[in-house]
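The next block holds one structure in the form of structure tokens; read it before the comments.
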Amino acid sequence: MVMTSGCAWPSTNSSFIQLLGLFHTTNHNTLQCRAMFKSALTLSHLYNITYHDYPLGWQEYEIVGSGNDNKNNSMMNELDLICQVVSKSNTIGIIGSINSLVALFAQKIGIPTIAFSDYGLLNRNQYSTLYRVLPSDTTTALALVQLFKRYQWTQCTIVHTNDDYGLNGINVITEQFINNGLLIANAVRFDTRTQTIQNGNFKQLLYRSFTRIVLVWADLNSTMLILDSALRQNLIGLKFLWILTSNITLDKYTATERKKFTGMFIMQSTVGSVMNDPINTTLLNDAFNIWQQYERKTFPGYDSVSSQALFTFDATWTLIQSLKLLNVSQQLRFSKCSTNCFKCQLFNVNYLINIVKRNLFLGLTGLVQYNTKTKDRLLNCSYFLIQNIQPTTDFTDVHFMSILKWSNNEWHNYIDHNLIVWPGMQLAPFVDYPSLDGITLKICVVNVQPFVINGAIMTGYSLDLISLLQKRMGFIPEIILQPSNRTRDQLIDDLVNNVYDMVVGDLAITSSRTLRVDFSKAVYANSLRLVVRKPTGLELNWFSYLNPFSLRLWLTILGCMVYGGILVWIFERHKNNDLRSRSVPSGSTLSMWYSISNLLGFGADFGPATAAGRLLTIGLWMLSLILIATYTAQLTSFLTLKASKSTVTGIDDIKNNKVPHSRIGIVVGTSAEEYFLKTISQGSTNYYHLSTTQDIFIKLLDDSIDVAIASGASAIYAINNLYCKLTLIGELFYATSIAIDLPKLWKYRQSLDVQILQLTESGELERISAKYFNTLSCGSSSSDESSTKRMDVQSLAGLFLTYVCVSIVAILLHLWLKLKRHL
């Protein structure tokens, strides 16, 4: 149905050329848009803007909407109206909310079309005569991407209509999201004809999604219907953040219902003045004066004119400015088509289109300029505003508060001290992943110490970890102890079959498990260890008295003895009565005796006769004093009957078959079993099968096995605190991480991961790890740590250097005295 306007504006029926304005009654800004359309054309008369001396006339019509169920009929009625208009008048342009049929028809007959709203278009770029004064879908999608990056959101659910506008929107947004590493977790289609969700249950689609951000891409009428459906199903409130791309009103809802909208975002295109960018204030004042002159009762005030009305003016002014720039030689010709509007044609329209492409002017919305390829308004001429639905100061109702503005390709706070109220009346930024608050979780805990310590009250690392997560996330834990007849791999089976929501314990992340389940962020760095009995046999070492010093140190001491003996012979053989009468072999032997006896600390049966000899003797005494004291201390540790060592020294001994596989214990269904089968036995299962971790220690103590491969986390605790006759041997191997096991594609995983990372950063995980893994009741758990290290030459390097220095001084003294006697 079409209704002709009856406003008392100047009559333009006699104008040679006319612009056609189309305004939909479903748009609550229609009245303002119509007034600004007529104001622009009336101003053209005042400014004496003409087309080859012809004043510009207009015809404007309100298109009465028939509802979404008869949208196609409404589009056909609109096309029929345009067909009648162009058949009877020289129409050179169309301004309005343009749908696909109108755009195609205008392209066929060559009429330029300027859209201030394009909810009915599929592919905007396929219409050669269509221009858009408002930001394009691509620009809108880019602004949304930057909004997501501002708050570190990575995904959303998009609700879109199944019409041309919605289908084009989902394509554009998907492209922008992919290009920027974002994800559309789910696309929900709203059927505009049946007014229902087309691809499933609305509530289930939202709750099963991995995100809690809902982006609605639909026109105003469809957006309100979508919100009505969401409100009925209790989907509006603290669980979801809704981002709308249509400027809604809440007038039809009750105060109680309106409060549920708290936290919602409404993103809409806006004008340059909001960003303090320049606009044509002279043109704006003239347009408002014209409006008040003819329709004073409908003028809402300078600050209350909608952005869409200002876009309508600039759309109209685009054609007015372009017609003004046509020169005399650029004539537009109209063909007569009173019987068939499809045979109408506006010839030479490219003259006008080329001017529109190049036209640049300062309008009411800011700088107006179009992309010559896409025919969209340029990016740097586009602006957006986000309003946040917030409670009033008395909390009795809600109101719309501007919080963010977009220009020059980035978002800015609307004011310096921005207050954003998020869903649930929260002030902290909303996260895009689901929350576990109030959700009951069936949690299986692996029955191994110290992850679970059974007593009057069950405690342990797993229980402490669950408690920390519960306090932070608000879930309700239903804790189930691992059944005695279920291995760790069987717990993975239970998780796959939805018996549990998560499994917490010493389950390591392995490649085979990753194929079946997901894992949280790591909660403990783990590895495999070898567990053996502490040695009990005794071994007598006949040369243990040599152990305090290393071979190099013994050789150095021997060298010092020989060196000292040579110097004594050189210094004393001519002066000392005990050496002077002796032959060279006999005197050399006695000199060596002198050096050895002084170095060993008991002294020789003769003394030095020269000053150099006396000085060298002091050096030998110093060396003797330190060496004897050091040797005595070291001998205390080494000169004992030592316990015999285990025949296994590390994992290489297992790989080299030094221990029969039947004497190697492994718990079935663990990462240790997987490692053994893949790395050592090549799939053979001829090892000693154990049912539980506790069996490792029992079977070692009763001599059923010689060595066990076990998880380091549980083995360290047991050996340090429970089984003091066992020990760890060799280095760590097969490093893995312990994490919480989760079902595949678990929608709460990101929320859990964030909290685990925060526990790690705050030191809470380290605190509970120290509580259970750093306790020690049995003494050292490693047999290697008890070994006393031999004293090496480096430890006494300073002593020997001192001795060498003393000997050099003695040599110099000997030479000086000898030289003095000859002078």
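Consider LYS297 carefully, then state whether it is of a type in the set (D, E, K, R) and in a helix (DSSP H, G or I).
Details: of a type in the set (D, E, K, R): yes; in a helix (DSSP H, G or I): yes.
Yes: the conditions hold for LYS297.
When you go through (1) more than 17 Å from LEU167 (Cβ to Cβ); (2) at pLDDT 80 or above; (3) within 44 Å of the chain's Cα centre (by Cα) one by one for SER89, which number turns out not to apply?
Against the list (1) more than 17 Å from LEU167 (Cβ to Cβ); (2) at pLDDT 80 or above; (3) within 44 Å of the chain's Cα centre (by Cα), SER89 comes up short only on (3).
Yes or no, residue by residue, for (1) closer than 17 Å to GLY366 by Cβ; (2) of a type in the set (S, T, N, Q); (3) touching a residue at least 40 places away in the same chain (Cβ under 8 Å):
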{"site": "LEU235", "(1), (2), (3)": "no, no, no"}
{"site": "GLU257", "(1), (2), (3)": "no, no, no"}
{"site": "GLY272", "(1), (2), (3)": "yes, no, yes"}
{"site": "PHE299", "(1), (2), (3)": "no, no, yes"}
{"site": "PHE311", "(1), (2), (3)": "yes, no, yes"}
{"site": "ASP314", "(1), (2), (3)": "yes, no, yes"}
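Exactly one condition in (1) under 28 Å from ILE94 (Cα atoms); (2) touching a helix residue (DSSP H, G or I) at 6+ places or on another chain (Cβ under 8 Å); (3) surrounded by fewer than 23 Cβ atoms within 10 Å (Cβ to Cβ) is not met by TYR131; state its number.
Every listed condition holds for TYR131 apart from (3).
Can you find a residue that is outside any helix (DSSP H, G or I), hydroxyl-bearing (Ser, Thr, Tyr) and under 30 Å from VAL754 (Cα atoms) anywhere in region 171-181? Explain how you work it out, then say what you get.
If we filter region 171-181 for residues that are outside any helix (DSSP H, G or I), which is where we start, we get 180-181.
Restricting the remaining residues to those that are hydroxyl-bearing (Ser, Thr, Tyr) gives none.
No.
Give the residue that is nearest to THR632 (Cα to Cα), with candidates limited to residues of region 496-553 that are polar (S, T, N, Q), at pLDDT 75 or above and in a loop (DSSP other than H, G, I, E, B).
Per the stated criteria, the residue is SER550.
Six or more apart or on different chains, Cβ under 8 Å: which pairs go from a residue in region 342-359 that's in the same structural domain as LEU332 (by TED's automatic domain parsing) and in a loop (DSSP other than H, G, I, E, B) to one that's among the β-branched types (Val, Ile, Thr) and crowded, with 16+ Cβ neighbours inside 10 Å? Could you list them?
Cβ pairs passing all conditions: CYS344/VAL86; CYS344/ILE109; GLN345/ILE109; ASN359/THR318; ASN359/VAL368.
Does region 185-201 include one or more residues that are modelled with pLDDT under 95, surrounded by fewer than 17 Cβ atoms within 10 Å (Cβ to Cβ) and of a type in the set (Lys, Arg)?
Within region 185-201, one or more residues are modelled with pLDDT under 95, surrounded by fewer than 17 Cβ atoms within 10 Å (Cβ to Cβ) and of a type in the set (Lys, Arg).
Filtering region 322-341 down to residues that are under 59 Å from the mean Cα position of the chain (by Cα) and either basic (Lys, Arg) or outside any helix (DSSP H, G or I) (or both), which residue is nearest to ALA287 (Cα to Cα)?
Keep residues of region 322-341 that are under 59 Å from the mean Cα position of the chain (by Cα), which gives 322-327, 330, 332, 341.
Okay, now just the ones that are also either basic (Lys, Arg) or outside any helix (DSSP H, G or I) (or both), so 324, 326-327, 330, 332.
Working: LYS324: 18, LEU326: 24, ASN327: 26, GLN330: 29, LEU332: 28 Å.
The selected residue is LYS324.
Take the conditions aliphatic (A, V, I, L, M), at pLDDT 90 or above, in contact with a helix residue (DSSP H, G or I) (Cβ under 8 Å, 6 or more places away or on another chain) and on the phi < 0 side of the Ramachandran plot and apply them to ILE492. Does it pass? Steps first, please.
On the way: aliphatic (A, V, I, L, M): yes; at pLDDT 90 or above: yes; in contact with a helix residue (DSSP H, G or I) (Cβ under 8 Å, 6 or more places away or on another chain): yes; on the phi < 0 side of the Ramachandran plot: yes.
Yes: the conditions hold for ILE492.
Answer yes or no: is there a residue in region 471-487 that is touching a strand residue (DSSP E or B) at 6+ places or on another chain (Cβ under 9 Å) and small (Gly, Ala, Ser).
Going residue by residue through region 471-487, those that are touching a strand residue (DSSP E or B) at 6+ places or on another chain (Cβ under 9 Å) are 475-483, 486-487.
Those still in the list that are small (Gly, Ala, Ser) too: none.
Looking through region 471-487, none of the residues is touching a strand residue (DSSP E or B) at 6+ places or on another chain (Cβ under 9 Å) and small (Gly, Ala, Ser).
If we scan region 729-737, do we find a residue that is charged (D, E, K, R), within 38 Å of the chain's Cα centre (by Cα) and at pLDDT 90 or above? Quick ask: steps written out before the conclusion?
Narrowing region 729-737 to residues charged (D, E, K, R): 731.
Then drop every residue that is not within 38 Å of the chain's Cα centre (by Cα), which leaves 731.
Narrowing further to those that are at pLDDT 90 or above: none.
No.
Would you confirm, using the coordinates I've provided, whether PHE430 is in contact (Cβ under 8 Å) with a residue 24 or more places away in the chain and among the aromatic types (Phe, Trp, Tyr)? Steps first, please.
Working: in contact (Cβ under 8 Å) with a residue 24 or more places away in the chain: yes; among the aromatic types (Phe, Trp, Tyr): yes.
For PHE430, the condition - in contact (Cβ under 8 Å) with a residue 24 or more places away in the chain and among the aromatic types (Phe, Trp, Tyr) - is met.
Can you tell me which of (1) assigned to a helix (DSSP H, G or I); (2) surrounded by fewer than 21 Cβ atoms within 10 Å (Cβ to Cβ); (3) of a type outside the set (A, V, I, L, M, F, W, C) is the one SER462 doesn't meet?
(2)
Among the residues of region 182-199, what is the count of those that are assigned to a loop (DSSP other than H, G, I, E, B) and not basic (Lys, Arg)?
Step one: filter region 182-199 for residues assigned to a loop (DSSP other than H, G, I, E, B), giving 182, 192-195, 198-199.
With not basic (Lys, Arg) added as a condition, the list becomes 182, 192, 194-195, 198-199.
Within region 182-199, residues that are assigned to a loop (DSSP other than H, G, I, E, B) and not basic (Lys, Arg) number 6.
Looking at region 420-434, is at least one residue surrounded by 11 or more Cβ atoms within 10 Å (Cβ to Cβ), farther than 28 Å from ASN276 by Cβ and in the same structural domain as LEU238 (by TED's automatic domain parsing)? Walk me through it before giving the result.
Of the residues in region 420-434, the ones surrounded by 11 or more Cβ atoms within 10 Å (Cβ to Cβ) are 420-426, 429-434.
Of the ones still in play, those that are also farther than 28 Å from ASN276 by Cβ are 423-426, 430-434.
Imposing the further condition that a residue be in the same structural domain as LEU238 (by TED's automatic domain parsing) reduces the set to none.
Looking through region 420-434, none of the residues is surrounded by 11 or more Cβ atoms within 10 Å (Cβ to Cβ), farther than 28 Å from ASN276 by Cβ and in the same structural domain as LEU238 (by TED's automatic domain parsing).
Residue by residue, here is whether (1) polar (S, T, N, Q); (2) closer than 28 Å to ILE248 by Cβ holds:
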position: THR298; (1), (2): yes, yes
position: SER307; (1), (2): yes, yes
position: PHE313; (1), (2): no, yes
position: TRP317; (1), (2): no, no
position: GLN331; (1), (2): yes, no
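If CYS778 satisfies every condition in (1) outside any helix (DSSP H, G or I); (2) at pLDDT below 60 but one, which is the exception?
(2)
When region 90-119 is examined, which residues are found to be surrounded by 24 or more Cβ atoms within 10 Å (Cβ to Cβ), of a type in the set (Gly, Ala, Ser) and out of contact with any Asp or Glu (no Cβ under 8 Å at 6 or more places or on another chain)?
Result: GLY93, GLY96, ALA103, ALA106, ALA115, SER117.
If I filter region 674-697 down to residues being buried (at least 21 other Cβ atoms within 10 Å of the Cβ) and under 38 Å from the mean Cα position of the chain (by Cα), which single residue comes out as nearest to ILE716 (Cα to Cα)?
THR693
Collect the residues in region 206-236 that are in a loop (DSSP other than H, G, I, E, B) and closer than 24 Å to TRP153 by Cα, keeping them in residue-number order.
We begin by selecting, within region 206-236, every residue in a loop (DSSP other than H, G, I, E, B); these are 208-212, 218-219, 233-236.
Answer for region 206-236, where residues must be in a loop (DSSP other than H, G, I, E, B) and closer than 24 Å to TRP153 by Cα: ARG208, SER209, PHE210, THR211, ARG212, ALA218, ASN234, LEU235, ILE236.
Do you know which residues across region 652-672 are in contact with a Lys or Arg (Cβ under 9 Å, 6 or more places away or on another chain), outside any loop (DSSP other than H, G, I, E, B) and within 20 Å of LYS699 (Cβ to Cβ)? Quick ask: steps written out before the conclusion?
At the first step, the residues of region 652-672 found to be in contact with a Lys or Arg (Cβ under 9 Å, 6 or more places away or on another chain) are 652, 665, 667-671.
With the extra rule that they be outside any loop (DSSP other than H, G, I, E, B), the set shrinks to 652, 665, 667, 671.
Listed by number, the residues that qualify are GLY665, VAL667, SER671.
Taking region 427-442 as the search range and keeping residues that are part of a loop (DSSP other than H, G, I, E, B) and among the charged types (D, E, K, R), which one is nearest to LEU183 (Cα to Cα)?
Here is the first cut: in region 427-442, the residues part of a loop (DSSP other than H, G, I, E, B) are 427-439.
Cutting the leftovers down to among the charged types (D, E, K, R) gives us 432, 437.
Working: ASP432: 11, ASP437: 24 Å.
Residue satisfying both the conditions and the ranking: ASP432.
The values are calculated or read from the model by the stated rules, or taken from the named source; none is laboratory data. Keep in mind the model is a prediction, meaning the values are calculated, not measured. We place every Cβ from the backbone using ideal geometry, glycine too, and count neighbours over all the protein chains shown.
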